[in-house]
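The structure appears below as structure tokens.
The values are calculated or read from the model by the stated rules, or taken from the named source; none is laboratory data. All figures in this text were calculated on a predicted structure; none of them were measured in a lab. When we count neighbours, we look across all protein chains shown, and the Cβ atoms used for this are built from the backbone with ideal geometry, even at glycine. Keep in mind that these areas ignore ligands, DNA and RNA; they rest on the heavy atoms of the full protein, side chains included. Shrake-Rupley method; radii C 1.70, N 1.55, O 1.52, S 1.80 Å.
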Amino acid sequence: MAIFKILDDEKLIAARDGWFAKLESLFDGTYAEKRAFALNGVLAVGKSDPYLEPEKWVDECLADIAENKAEKICNEQMFVPVCVEYGIYGVHYIDKIFGADVYFQDGQWYNRYLGSPIGSLQEPDLEKDETFRLSVRAAERFVKNGGEFPLFGLPTIASPLNIAVNLYGQEILMEMLADPENARKDLETIARVLEKIHRAFRAILPERQLQPVISWNRTQPPGYGQVCGCTTQLVSEELYRELIADLDERILGVYPHGGMIHLCGSHTQHLKTFRSMKKLRALQLNDRAAEDLEAYFKGLREDQIIYLNPCDGMTIERALQITGGKRLVIAETIRGEYRI
């Protein structure tokens, strides 16, 4: 039962699901709108400490939605998903679960590398892990009090390569070259844990409300997952294909429809591999990666969608010239209509 009546409002649920239907049509190739698909949602804010009182923090987020943000879904020009996202420890959530020393400094989270040798990484006991349990408590509170309307964004579950670099720094990259079998041991361990965590959240949260990280700006139709491809810019096509790609696909395979990889650097050396990954249905491009939109649009499959965060090097106007609005999600607040 929703803690606030508006969180079960049929009009708001219908508006959200109407946008989901349009987004699903973009993914299945039947999108028939004359304007480009645009989305940029809103994120609820809680005042309590989410590390100490996750339940209270979730309830405050739900109150923020009920009082200030629920009606924002009623936008006829673009999809404005309304989200609660429990993003503890930022991109170091998984590092913390693996025992890294994670600390906050100068406005963001960091971690110190593990001192243990590569190849010896052990799976944590998730049932006893305080960090994981905090996030489970937040998800369960959302299910109890959140009604059917808002979306819930997961913590940053990242990807095996991202986490390995967080835990070992450049040493894991060197090990991938010098002793790939040993490096693969830890990458496999990380991947198994990521799969377990995704499955755990899928068992708690309704599929129609579960979204991976950056839930308000990388919103996908229900049943899609996400991995972070940030660090793939550091490895060659061969290393990614041989040691990483199948692990990323395994994680996306936890979800019924596969999912998205996030890119923010120079990653076009992997285009051939990305194209071959059946579970990879969307690529999210921001910052440096956005400048390579044309390469991605031409190099990917027809059923792979591109989420674009426009930037000075890739404006909305130029993106529409390149794509004609096909297979494209403009992830930015827009004013007026962009016709296709």
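Some points to look at:
- Check on Ile334, surrounded by fewer than 16 Cβ atoms within 10 Å (Cβ to Cβ), at pLDDT below 95 and closer than 26 Å to Val80 by Cα: no
- Remark: pairs (first residue in region 287-298, surrounded by fewer than 18 Cβ atoms within 10 Å (Cβ to Cβ); second residue not in a helix (DSSP H, G or I); Cβ separation under 6 Å; 6+ apart in sequence or on different chains) = Asp287/Cys264; Arg288/Gly265; Arg288/Ser266; Glu291/Gly313; Glu291/Met314.
- Ala203 meets each of the listed conditions (1) under 16 Å from the mean Cα position of the chain (by Cα); (2) outside any loop (DSSP other than H, G, I, E, B); (3) free of Cβ contacts under 8 Å to residues at least 40 places away in the same chain apart from (1).
- Of the residues making up region 92-134, just one is under 25 Å from Glu60 (Cβ atoms), surrounded by fewer than 18 Cβ atoms within 10 Å (Cβ to Cβ) and among the polar types (S, T, N, Q), namely Gln108.
Condition check ((1) outside any helix (DSSP H, G or I); (2) out of contact with any helix residue (DSSP H, G or I) (no Cβ under 7 Å at 6 or more places or on another chain); (3) open to solvent by 70 Å² or more (accessible area, probe 1.4 Å)) across all residues:
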residue: Ile13; (1), (2), (3): no, yes, no
residue: Ala21; (1), (2), (3): no, yes, no
residue: Ala38; (1), (2), (3): yes, yes, no
residue: Ser48; (1), (2), (3): yes, no, no
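- Among the residues of region 246-266, those identified as out of contact with any strand residue (DSSP E or B) (no Cβ under 8 Å at 6 or more places or on another chain) and either open to solvent by less than 10 Å² (accessible area, probe 1.4 Å) or free of Cβ contacts under 8 Å to residues at least 12 places away in the same chain (or both) are Asp246, Leu247, Gly265.
- Within region 320-332, the set of residues being closer than 19 Å to Ile214 by Cβ and either without any contact (Cβ under 8 Å) to a residue 60 or more places away in the chain or not in a loop (DSSP other than H, G, I, E, B) (or both) comprises Leu328, Val329, Ile330.
- Filtered residue count, region 280-303, keeping only those that are in contact with a helix residue (DSSP H, G or I) (Cβ under 6 Å, 6 or more places away or on another chain) and of a type in the set (Lys, Arg): 1
- Test for Pro212: is it touching a helix residue (DSSP H, G or I) at 6+ places or on another chain (Cβ under 7 Å) and surrounded by 18 or more Cβ atoms within 10 Å (Cβ to Cβ): no
- Yes/no for Ala158 being assigned to a loop (DSSP other than H, G, I, E, B), in contact with a Phe, Trp or Tyr (Cβ under 8 Å, 6 or more places away or on another chain) and closer than 19 Å to Ile88 by Cβ: yes
- Residues of region 135-166 satisfying the condition of being over 19 Å from Ile190 (Cβ atoms), of a type in the set (A, V, I, L, M, F, W, C) and open to solvent by 10 Å² or more (accessible area, probe 1.4 Å): Val143
- Screening Gly41, Gly99, Gly90 for residues that are within 18 Å of the chain's Cα centre (by Cα), modelled with pLDDT of 95 or more, within 30 Å of Gln170 (Cα to Cα) and among the small types (Gly, Ala, Ser) leaves exactly one candidate, Gly90.
- Selection count, region 299-317, where residues are farther than 17 Å from Gln233 by Cβ, touching a residue at least 24 places away in the same chain (Cβ under 8 Å) and open to solvent by 30 Å² or more (accessible area, probe 1.4 Å): 3
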